[in-house]
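The values are calculated or read from the model by the stated rules, or taken from the named source; none is laboratory data. The structure displayed is predicted, hence computed values, not measured ones. Methodologically, a virtual Cβ is constructed for each residue, glycine included, from the backbone with ideal geometry; neighbour enumeration extends over all protein chains shown.
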Amino acid sequence: MTSLLADGSAVLTRQMQKARHSPGLLILTQTMPVTMLLFFGYVFGSALAVPGAEYREFLVPGLLAATAANGLMAGMFAASQDAHRGVTDRFRTLPMSRAAVPLGQTAADLLTTAAAMVPLVLVGLAMGWRVENGLPGALGAFGVLLLFRFATAWVGTYLGLLSGSEEAAGQVAGATFVLPMLSSAYLPTDGLPGWLRAVAEWNPISAVAGAVRRLFGNAGGTAAPDAAWPAVHPVAGAVLWSLLLLAVFAPLATRRFARGRD
């Protein structure tokens, strides 16, 4: 365990230094969620209605959930880039824990995500969004978001190692952009057709969005009684989905890193 933490910390430091030398990527990470908030909030805000609430109150937690889900895309890019450029092979030659590299990569992603959420929250507050449940609720909401981001980063890391190519990872990562659209991140699922509503309500992003809304005290945190279990119990659903993804993909990513290219 000591070796894992020490080696993981070294990889984490390397990833943070790499991010510091890629200011364009950091700026994009910081500004993209804010751009989407302004676009959806002002362009579509007057056209979209959420029963009993302003759309922006519903939108901000949904965008936070979508930002957490983007760990899938970020993990794929980071892992495939290192694999394609031979960095991963060099790591394998070092006397270090096999889990240290994916752990350091996902931990670095978690830190950058926490920083990226700050501008989104500040702009949301400036647009009128509020935290209604006080500090304990806010801490719980951010805890759920970061746990889910950590889990999706492991999923992305495994897929990135599996692809081994930046081009292939880019194609798959582009397809993941649709996942928040098939959830309650941007719109309630009540009005969707039966089969599509079921898909959206079982989407892990829906559980995270609902959990964040409930913990913040915002509209949309309570689903209809006939909704799927994760939608009715979003906090438990979000935590269980995150733990399940971690239990499955953390060992898979570690094993894939240790095996190398087939």
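Some points to look at:
- Take the conditions (1) closer than 22 Å to Ala107 by Cβ; (2) surrounded by fewer than 21 Cβ atoms within 10 Å (Cβ to Cβ); (3) modelled with pLDDT under 85; Ala173 misses just one of them, which is (2).
- Candidate set from region 92-142 (those that are outside any helix (DSSP H, G or I) and among the basic types (Lys, Arg)); member that is nearest to Pro61 (Cα to Cα): Arg130
- Residue check, Val178 modelled with pLDDT of 90 or more and either within 23 Å of Leu146 (Cα to Cα) or of a type in the set (Gly, Ala, Ser) (or both): no
- Here region 132-153 is the region considered, the condition is being farther than 15 Å from Leu111 by Cβ and among the hydrophobic types (A, V, I, L, M, F, W, C), and the residue that is surrounded by the fewest Cβ atoms within 10 Å (Cβ to Cβ) is Leu135.
- Single residue of region 78-95 satisfying the filter (touching a helix residue (DSSP H, G or I) at 6+ places or on another chain (Cβ under 6 Å) and surrounded by fewer than 18 Cβ atoms within 10 Å (Cβ to Cβ)) that is nearest to Ala10 (Cα to Cα): Gln81
- Selection status of Ala236, of a type in the set (Gly, Ala, Ser), surrounded by fewer than 22 Cβ atoms within 10 Å (Cβ to Cβ) and touching a strand residue (DSSP E or B) at 6+ places or on another chain (Cβ under 8 Å): no
- Failed item in (1) aliphatic (A, V, I, L, M); (2) farther than 19 Å from Thr152 by Cβ; (3) in contact with a Phe, Trp or Tyr (Cβ under 8 Å, 6 or more places away or on another chain); (4) at pLDDT below 90, with Val60 passing the rest: (4)
- Residue in region 189-212 that is in contact with a strand residue (DSSP E or B) (Cβ under 8 Å, 6 or more places away or on another chain) and modelled with pLDDT under 90 present: no
To keep it simple, each residue is scored yes or no on (1) touching a Pro at 6+ places or on another chain (Cβ under 6 Å); (2) touching a residue at least 24 places away in the same chain (Cβ under 8 Å).
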site	(1), (2)
Gly160	no, yes
Thr189	no, yes
Val199	no, no
Arg213	yes, yes
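- The one condition from (1) at positive phi; (2) touching an Asp or Glu at 6+ places or on another chain (Cβ under 6 Å); (3) buried (at least 20 other Cβ atoms within 10 Å of the Cβ) that Asn218 does not meet is (1).
For every residue, the table says whether it meets (1) exposed (fewer than 12 other Cβ atoms within 10 Å of the Cβ); (2) modelled with pLDDT of 80 or more.
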residue	(1), (2)
Thr2	yes, no
Gln15	no, no
His21	yes, no
Gly24	yes, no
Leu28	no, no
Phe39	yes, yes
Ser46	yes, no
Tyr55	no, yes
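- Which listed residue, of Pro230, Pro234, Pro251, is within 27 Å of Phe91 (Cα to Cα), modelled with pLDDT of 90 or more and of a type outside the set (A, V, I, L, M): Pro251
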